[in-house]
Structures are given as structure tokens and as C-alpha cells.
Amino acid sequence: MTGSQKNDTERQPQTDLEETKKRAYIDILNLMSLIGFLYGALDDRLDFDEALAQQLKKPAPHYRTKLETNLLACLGGMSFVLILVQILTGVLLLFYYRPTVSEAYQSVMEITGQVPFGWLIRGMHAWGASLLIVMVFLHMLRVFLTGAYKPPRELTWVSGVVLLALTLGFGFSGYLLPWNQLSYWATTVGTEGVSAIPLVGETLKYLIRGGHDVGQLALTRFFAMHVVILPGITMLFLTVHFLMIRRLGIADPL
Ligand code: HEM
């Protein structure tokens, strides 16, 4: 092979890559102009601009407390930011995770060992889960200690209690998904506890596990809970929580 032939074959993959990149840019531009085209037509009918302006022009609630300059008033907002991080990293993990007893553990090992930045995304999701639980507890503590649960904020408090239960539910259901020894036995012990509930305990445990033991059906059920059912219910209660906060503003000091 002559020197120039060798250079040509080495250059080939480089030009392919550039060609693919160029095509990707053109596709992105096309997509953006399509969205722009559709936006005009949809806005004519649904008036997005008007709805958005109404929301953005609404003044922020006036606080008569020093709380707004205080980190304590940000704990709820920080919980929400962490929820957004959980959603983003969770969706990315879904691209590689396989929810079967024969493949779950292997797929998680691939995520941490082979997928680019997989270790980071999984780490953020796992640590973010613990951080979220701590943050929601701290937020609840500040609401309790400042008496912000009192009327007319009962519904904000009650929706908050449900959000706390949902947050813990995410932690419990997510723990089984890597299907390692720790997650298997933690779920076995955790679901065993359910059977102590009088009358309905055994049936409930059977329902949660999808059988007498923790197996494929349990993994499928926990996966469905973690990625579909709990997120759906959480969105609903977050909406109620935020609508109430918007309506009432932040509570006055004690
Ligand atoms: C996923 C969890 C939660 C999120 C994302 C969230 C978010 C928020 C945000 C952004 C606020 C505005 C003021 C602030 O940040 O302190 C707020 C206020 C409030 N939250 Fe939460 N929250 C959550 C859980 C809870 C829990 C567990 C409770 C109580 C059981 C609760 C009860 C309240 C109440 C009563 C207020 C009104 C406080 C006031 O007016 O001063 N929230 N929440």
C-alpha cells in the first residue's frame, strides 16, 4: 500500500463522521423550523402566548417575613429541583436498564462499567434519592416549626404528606431494581413486614410480591410502580401542592 492510499483509508472514517454530524445539524434545524411552523398554527387556536403571559406576569407573592431571605424557605424548591434531577437521570437509565431477573443485575453493571458516563448518571440517581428524602423531611420540619400547616393551608400540608409517602415509595421500589443481594433481601424483609398488618397483611404481601416469594413478578411490579404509577400520582399531587402555594402565598411568621 502506498503512502497516499494509506492516508485515504485513514481519512475515510473521519469524513463519514463529519458527514453524519452535518446531517445531524440539518435534521435539528429542520426539526426546529417544523416546531416553529406548528407553534404558530397551534397558538392561533390555543393561545399559548396569552396563557404564558398571564402566568409570568402574576407577581410573586409578597412575603411579610424574613423567610424569603432565608435558606429555609428554599427547602421545598430544592426538593423540586431534586425531583427534576431524578426524572432526568431516571429516564437516561431507562435507555439501558432491563427489568428481568436474568438481566437486571447485568444491565446495571453495564451502565456503571461500559455506558459512557453511566456511572455518573446512576450515582446521581442513587445519591439524589437519599438527598431528596432528607430534603423533603427538612422542608416538612420547617413547615411544622413555623406553623405554616395551619388554616388555610391544610390542603397544602395533606398533599405534602402524600408527597412524602410517594417519595419513600420511590426509594423502596427503586431499591429492588439492581437485583443484587442487598436489594433482594431488603425487599424480602421490607415486604415481609407488611404481613404483620392484621387481617389483610398476608394478602397484601402476596399482591405486592406477585407471589409467595420475591421473584420476576415482584421485579415487574416494582418497576411499574417506580417508572409509571408513582410518577403519575406524584405529578398530580405536586400540581395540587403548587396550586395551593400559588393561591395562598407563603405563610406569615408565627
Ligand atoms: C416532594 C416533596 C415536596 C415538594 C417538591 C414541595 C415543594 C414546596 C414548595 C416549593 C413550597 C414553597 C415554599 C417552600 O419552599 O418552603 C412548599 C410549601 C409548603 N409545603 Fe411542600 N413540598 C414537598 C413536600 C411537602 C411535605 C412532605 C409537606 C408536609 C407534610 C409539605 C407541606 C408544605 C406546606 C404546608 C407549604 C406551605 C408553606 C408556607 O406557606 O409557608 N410539603 N412546598
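Every read-out reported here was derived from the displayed coordinates using simple, explicitly stated rules and does not represent laboratory data. Keep in mind that this is a model prediction, so the values were computed, not measured. Positions of Cβ are backbone-derived with ideal geometry, glycine not excepted, and every protein chain shown enters the neighbour counts.
Over 10 Å intervals from 0, what percent of Cα-Cα pairs in region 138-247 sits in each interval?
Spelled out bin by bin, region 138-247 gives 14, 35, 27, 20, 4 percent.
Hey, if you put +1 on the Cβ of every Lys and Arg and -1 on every Asp and Glu Cβ in the chain, which of SER159, ALA148, VAL134 ends up farthest toward the positive end of that dipole?
Selected residue: ALA148.
Indicate the gyration tensor shape class of region 83-169 (rounded, prolate or oblate), computed on the Cα atoms with a ≥ b ≥ c the square roots of the eigenvalues: a/c under 1.5 is rounded; otherwise a/b larger than b/c is prolate and the rest oblate.
On the way: a/c = 3.82, a/b = 2.81, b/c = 1.36.
The shape class here is prolate.
Considering the options LEU207, HIS226, TYR184, tell which one lies farthest towards the positive end of the dipole of region 146-231, charges being +1 on Lys and Arg and -1 on Asp and Glu at the Cβ, about the Cα centre.
HIS226
So what is the relative contact order of the chain, in percent, for Cα pairs below 8 Å that sit 6 or more residues apart? Don't jump to the answer; show the numbers that get you there.
Numbers: 176 pairs, mean separation 54.2, N = 254.
The value is 21 percent.
Kirkwood Rh, the chain, all Cα pairs: how many Å? List each step's numbers first, then the result.
Details: mean 1/r = 0.0443 Å⁻¹.
Over the chain, the inverse of the mean reciprocal pair distance is 22.6 Å.
Using the alpha carbons of region 73-118, what is the convex hull volume per residue in cubic angstrom, as a whole number? All intermediate terms of the calculation are to be shown ahead of the outcome.
On the way: hull volume 3.7 nm³, N = 46.
With only Cα atoms used, region 73-118 gives 81 Å³ per residue.
Let me have the 222 nm mean residue ellipticity of the chain computed from DSSP H runs of 4+ only, each contributing -39500 (n - 2.57), with the sum over all residues rounded to the nearest 500.
On the way: 10 runs with 186 residues, N = 254.
It comes out at -25000 deg cm²/dmol, rounded to the nearest 500.
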